[in-house]
């Protein structure tokens, strides 16, 4: 995932300005789209996570690495 870094992810932070309940690619059952910053020695990247309600639980439907 992160080829430029010198080690593991040391911090993950939910970017509160990027919590969406409605977005253009939303599908039936989707409950949220969140952006998570990932930080480590020598890198700062992010992952966008689409969440879906499935079998009475909230699960990850899709991960989008890097910048959209």
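Restricting things to alpha carbons, tell me how big the chain is in terms of Rg and Dmax, in Å.
According to the Cα coordinates of the chain, Rg and Dmax are 13.4, 40 Å.
Please compute the contact order of region 9-65 in relative form: average sequence separation of alpha-carbon pairs under 8 Å and at least six residues apart, divided by the residue count, as a percent. Walk me through the numbers on the way to the answer.
Numbers: 106 pairs, mean separation 16.7, N = 57.
Once normalised by length, the contact order is 29 percent.
Grab the Cα-Cα distance for residue 13 and residue 64, subtract it from 0.36 nm times how many residues apart they are, and report the gain in nm with one decimal. List each step's numbers first, then the result.
Details: separation 51, 0.36 × 51 = 18.36 nm, distance 1.58 nm.
Gain in length upon complete extension: 16.8 nm.
For residue 53, put the label point 7 Å out on the Cα→Cβ axis and report which residues of region 8-28 keep their amide N under 15 Å from it.
21-22, 27-28
Every read-out reported here was derived from the displayed coordinates using simple, explicitly stated rules and does not represent laboratory data. Predicted model only: the values in this text are computed from it and were never measured. A quick note on method: Cβ atoms are made from the backbone with ideal geometry, for glycine too, and the neighbour counts reach across all protein chains shown.
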